[in-house]
Each structure stands twice: as structure tokens, then as C-alpha cells.
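Taking it in order: structure first as C-alpha cells, then the write-up.
The values are calculated or read from the model by the stated rules, or taken from the named source; none is laboratory data. Please read these numbers as outputs of a predicted model, since none were measured by experiment. Because the Cβ atoms are built from the backbone with ideal geometry, glycine has one as well, and the counts that use them run over all protein chains shown. Accessible surface areas use protein heavy atoms only, side chains included; no ligands, DNA or RNA. Shrake-Rupley method; radii C 1.70, N 1.55, O 1.52, S 1.80 Å.
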Amino acid sequence: MKIKLTFLLFLAFLNYQSQYLIIGKDSISVQKFKEDNKYGLETVGVQGTIKTYTDFKLLQHFALERKADTLSYFRAKMAEKDQQLREESFYPKPILQAALNEYLSANLVENKIQVFYVQKTENDPTDYKKIYDEVKNGTLKIEDAILKYSKLKAEPFFVKAGTVDIELEKELQSIQSGNYTKLINTPTIAAFAKLVERRPSLGYLIFGTISYPKSDADKMKTQIYEALKSGKKFEEVAKLYGSTDAEKNSAGVVMGSPILPDEVYAAIKGKKEGEYTEPVLLGDKYYIFNVYSLIPYQDSEKHHKMLVQELMRSQYADVAYEKLVNAIAKSSKYKETPDFEKIKKSYQDFLNFKNPKAILYQYGKTNFTFENFKKVLVENFKNADQLPADQWKYFVESKRNNDIFVAYSKDFSELPTIKSEMNKLKQNLLADYIFSYYIENELKKPKVLDDYYQKNKEKYILESRADGRVAILTDLSVEKDIAKKMANPKNWESLKKEYYGKLDGTQQIQVHFEEGEMSENADIFKVNKVPYQKGVHQVKMDKKLLIIAIDEILPPSQMSRQDAEQQLKTDATEEILSKTIQEQRNKTKIILEPAFVADLEKNFKK
């Protein structure tokens, strides 16, 4: 019984494996074929759809043989699509949303801070821990410490969330005004900050300015506000009275929602979009601010994309990065070895490790060895021996995070959904190469169209035509007059002049005139049954009456090379395509398994 079951499973496996269409190196399962070609299978049928798909693939092979995918425009389009997909999908939505929530929450306030920051020199003897303690206990003012040791400005300043180091940002969120952050004291830097005060954020702000000199303040203020109150747009007034080219040309628009000086913050606070402020004196100029856009730091469908872009331009991109690498480290694709735990303990443990080929960790098929880690350390970090154990561990884990992030980035294009999108674009670009590049260049070759025309003259015959004139009447009261005058071709020009521009009782043109050749197979003869012979004929179409004067019946004649141009290009294109497909077919191994066709014919017409 077990043998029979095994045999049946084996036969089932063989049958499943045979349900493929193989074209050279490409293959597609019957299930995928049904999904991708449902419309064709339902309308054209099985054999027609298989042929169309095969021909399409053969043309793609031809384009690849001609290295279409190496052309600059092809590579640029693929890179553009890759960038788009990375912006949309590189960070999983839950991770990006969590980072965005933190970014928006932090941006509800702005922090005013003083920063002590020193870039250490080699063998710096200064005791920065002592300086930090003195500032905290009040024996040394932070202003004096900044001026003496860091040589920076000591005045406090406001910062927006996402403009300072993310660790400092988080510390500022957790302390009260008047308190200090922790001291960062590494072999290369010493830094800490004091939170002076907080103020509510006005939101994501885009504004414009009109400025004028303090020396001419009264006159300019009167002129500007009179213009604004008259209903002129802020941009128009800025063009008239702005004192800089930026104001005259673009109303002094300031993007990116910068930190505002206290005076400007107070002037704009409470303003709505489209409102402008009273003048604010800054230096030797007065400024009038106009609020173009004021977006609250709240997620919404309308502003989600913009807010995410702002997040990724800020230090909060590090939050998204940390959340992503943490997720990667917890995924089934990541593995870590005991050797990695050993070297993480301290720099001395790193020195004691002696197996250069040892794998420390891996992501997917990418292995990261001790040898690789040591090379990066030696080449890029010369003070590693000075790091205490906790900072050494942080450094090692940061290196690991960067490695697996890069590996994830490389693997991103291999994700099924991303690969599918990129393959669709690649197919479209290869098709575009065939029709917009290869065939166009073939048709431009000397004598290609001329030779085709000479070999196939019988295709380009003008069928029998009626040379005639047509009057289309909306006012039937003029029927007899027009029919009588149209009987004589000599009256045609004067008839058109007589009725030119005349309107009927409903203010429509009474008569519209046309002339030219009409094919023997035109609807007017085949459907509307107008006699195909010389004379004046009439036919009613909806509410209009057509009076048709046929002056001559022209016999079939040879089309000129010039008249046949468009049809020639179409026919020559078909010939080039057919020839190219056949040449590809002759050198390509195509396997169409019977089971593949049988499965399709169960559900679709043959």
C-alpha cells in the first residue's frame, strides 16, 4: 500500500512539473500563465495566447541579445523605478509608521538649549567629567564652560525635533527645563546640553516675506498695507515692494519650516493660512510675513507622504533605521554565532580572537567574517583600544547593524513583490526598444521602404472612388435651392459663398459643405444605400439631410510611394517583426508540455 501511494505521488509530481512553457532560459508555470494572461485566454483562446506570449518573449530575447538593457535610458529608468520602490516599500509600513509617530509627537514642541561640545585632540588632558559635574552643581556656569573650552556661542537657541542627534533628542524629551542631559565622553568628543525652556510648535510652516528698510519705514508700511488691504495677492505686493530679488520673484518663500526667532514666532502665532503679520524689526529691516501653508504635526492621508519625507530628511531617519535593523536581527534570515558574542565583550577579547575565517553573523546568503570585521576596524578606527567595554559593545553592534542593513538593501530587489514590479518595467522597456529604437532605425535605412513598395505594389491600390461634393443641411427649408444649384459643379464656389455664415432659427449654421473622394466601400454607400453613380443624391441622417453630388467615378489606381507612406511603415514593421521572431524561434529551444495546454483547455476555449 505504501509503495502504491509513493508511486502515485511520484506520478503527480511529474505531472505538476510538466505544466510549464519553456522558452530558452525563461519558463512559466500554467498557474502563473493563467494569472498573467487571463484576458487573452478568455478572448483570443489558448493557442492564440500561447503564440502571442511566445512571440513576445522571443522579441525580448532579441532585445537582450542586442544589449538593450545596457543603454543609458534603459538603466536610468530601471534605477528610477528602484528608487521609487525603495521610497515606497523599503521600510515595512509598521516600522515606518512607528518612527513617524515618534517624529510627529516630538515635533509638537521646540526646545531651547545651550550646548557644550568639544572635538577632542589627541592626548587631550582636560577632565570633561569634572567640568560637567561643576556645571551641574552650579559652581561653573554653562556659558563660561562653553566659551572657555568649546569656543562656540553660549547663547541658548531653539531646535526642532529631528535637527539634533537622536540620543540627545530623547534625553531632552525626558528632562525638565533647567536640567542637563547626560555627558557624552568618548575618545573623540565631549558633549552635553542644558534644556532652557520649551515652546509649542506652530506646525510645519511655509511662509513668504516682504521686507523694507528701517530708514523708510512709515512710507513703505503705508504703501504695502494699502496694497494688501485692496485685495492684491501677497505675491503681487512682494513683486512691487520687495527689497530683494527673492521677494520680487517668489514672494520670499521660505520652505522647510525653519526655527523662527522669538519676534517672528510671536507675530505668526495664531495666524491662519493666507494671513499676514504686522511688521517685525530684524536688524535694519522690517519684515511682513505671510502664511502660505500651516500643516499641523498630525498624520493624515493628505499629508502622510510629505511628513514621511520630512521624517527621512531628519535625524529621526535613525529611528526608522534602528527599528528596521532590530526587525532584521529578529528575522529568520539572520543568524548570529557564539564567536560574535565573544568579540563583543571587550577590545581585549577582540585581540585574543585568532580565527580570521570565523563567521560572526549572516543575513540570508551573506556571511560576515572576523577577517572582514578586523580589516574595517584597522583601516577606519584607530582609537578602538581606548573604548570602555560598553562603548566597545556599542561600536561592534553598530558595525553589525550597518552590515545587515546593507545586506537587506541588496536583497530588497529580490523580494517577490519588488522583483515583479521591476520585471514588468523591464519587459516594457525591452518592448519599447523593439518598437521605438530598433524598428525605427531599420525603417530609416536607405531604400527599405522603397524596396518594400516595389516588391509589393499590388498591396497599394486605390479602390474605386467617387469624386464628389456634399452639403450637410440642418435647415431643411433650403433643400430645393441647394439641390438645384449643386447639380451644376460650376455653381459650387458661389453656393458656398451664398450660404457662408448663415444661421437657421435655432442659431445653427444652415449648411456645412464638404468635398473630396469617397471610397466605394464607404458607409454612405454600403449602409445608407446612396447610389454609387454620377448624379445628385439625398439621404436623411438623424435630423440632418445630406445632399451628395457625385461628379466622377474614379477607377482603381496605383497609389504613389508618397501616398502609401503610412501603410508602408505599418506593413514593413510587421515584416521586420515576423522575420525577427522567426529567426529567434529557429535558434531558441521551446518546450510546450502537453499537460500545460491541457490544463488551459479545461477552462478556456481552444
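Below, the figures for the structure above:
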quantity	calculated
The lone exception for TYR361 - which of (1) at pLDDT below 90; (2) under 20 Å from ASN326 (Cβ atoms) it fails	(1)
Condition check for ASP69: part of a helix (DSSP H, G or I), closer than 24 Å to LEU415 by Cα and of a type in the set (Asp, Glu)	yes
LEU228 being assigned to a helix (DSSP H, G or I), at pLDDT 90 or above and of a type in the set (A, V, I, L, M)	yes
Among (1) crowded, with 18+ Cβ neighbours inside 10 Å; (2) over 30 Å from PHE368 (Cβ atoms); (3) at pLDDT 95 or above; (4) of a type in the set (A, V, I, L, M, F, W, C), the one test that ALA251 misses	(3)
ALA98 surrounded by fewer than 20 Cβ atoms within 10 Å (Cβ to Cβ) and either assigned to a helix (DSSP H, G or I) or without any contact (Cβ under 8 Å) to a residue 12 or more places away in the chain (or both)	yes
Search result, residues across segment 349-377 that are assigned to a helix (DSSP H, G or I) and out of contact with any helix residue (DSSP H, G or I) (no Cβ under 9 Å at 6 or more places or on another chain)	GLU371, LYS375
In segment 17-56, residue surrounded by the fewest Cβ atoms within 10 Å (Cβ to Cβ) [restricted to those that are assigned to a helix (DSSP H, G or I) and of a type in the set (Phe, Trp, Tyr)]	TYR39
Qualifying residue in segment 324-338 (condition: open to solvent by 30 Å² or more (accessible area, probe 1.4 Å), of a type in the set (Asp, Glu), without any contact (Cβ under 8 Å) to a residue 12 or more places away in the chain and not in a loop (DSSP other than H, G, I, E, B))	no
Filtered residue count, segment 566-601, keeping only those that are under 18 Å from TYR53 (Cβ atoms) and either in a helix (DSSP H, G or I) or touching a Pro at 6+ places or on another chain (Cβ under 8 Å) (or both)	15
Pair list, Cβ under 7 Å, 6 or more apart: segment 557-574 residue open to solvent by 80 Å² or more (accessible area, probe 1.4 Å), other residue charged (D, E, K, R) and modelled with pLDDT under 95	GLN558/LYS457
Meets criteria (under 30 Å from LEU202 (Cβ atoms), of a type outside the set (Val, Ile, Thr) and surrounded by 15 or more Cβ atoms within 10 Å (Cβ to Cβ)) for TYR91	yes
Top-ranked residue in segment 181-212 [being among the small types (Gly, Ala, Ser) and under 18 Å from VAL135 (Cα atoms); ranked as farthest from the chain's Cα centre (by Cα)]	ALA190
Residue check, ALA246 open to solvent by 20 Å² or more (accessible area, probe 1.4 Å), part of a helix (DSSP H, G or I), at pLDDT 95 or above and not basic (Lys, Arg)	no
Considering residues of segment 510-556 that are on the phi > 0 side of the Ramachandran plot and assigned to a loop (DSSP other than H, G, I, E, B) only, the residue modelled with the lowest pLDDT	ASP542
Matching residues, segment 120-166, being among the aliphatic types (A, V, I, L, M), part of a loop (DSSP other than H, G, I, E, B), in contact (Cβ under 8 Å) with a residue 12 or more places away in the chain and in contact with an Asp or Glu (Cβ under 8 Å, 6 or more places away or on another chain)	ALA154, ALA161
Every residue from segment 264-291 that is under 22 Å from ALA161 (Cα atoms), in contact (Cβ under 8 Å) with a residue 12 or more places away in the chain and outside any loop (DSSP other than H, G, I, E, B)	VAL264, TYR265, ALA267, ILE268, VAL291
Every pair of residues 6+ apart whose Cβ atoms lie under 7 Å, when the first sits in segment 583-596 and is more than 11 Å from SER27 (Cβ to Cβ) and in contact (Cβ under 8 Å) with a residue 24 or more places away in the chain while the second is of a type in the set (S, T, N, Q) and part of a helix (DSSP H, G or I)	ALA595/ASN15
Criterion (open to solvent by 50 Å² or more (accessible area, probe 1.4 Å), under 21 Å from THR163 (Cβ atoms) and touching a residue at least 40 places away in the same chain (Cβ under 8 Å)) met by exactly one of PRO261, PRO200	PRO200
Filter pass, PHE62 being open to solvent by 40 Å² or more (accessible area, probe 1.4 Å) and either closer than 24 Å to GLU35 by Cβ or in a helix (DSSP H, G or I) (or both)	no
Top-ranked residue in segment 523-556 [being within 24 Å of SER477 (Cβ to Cβ) and touching a residue at least 60 places away in the same chain (Cβ under 8 Å); ranked as farthest from the chain's Cα centre (by Cα)]	ALA549
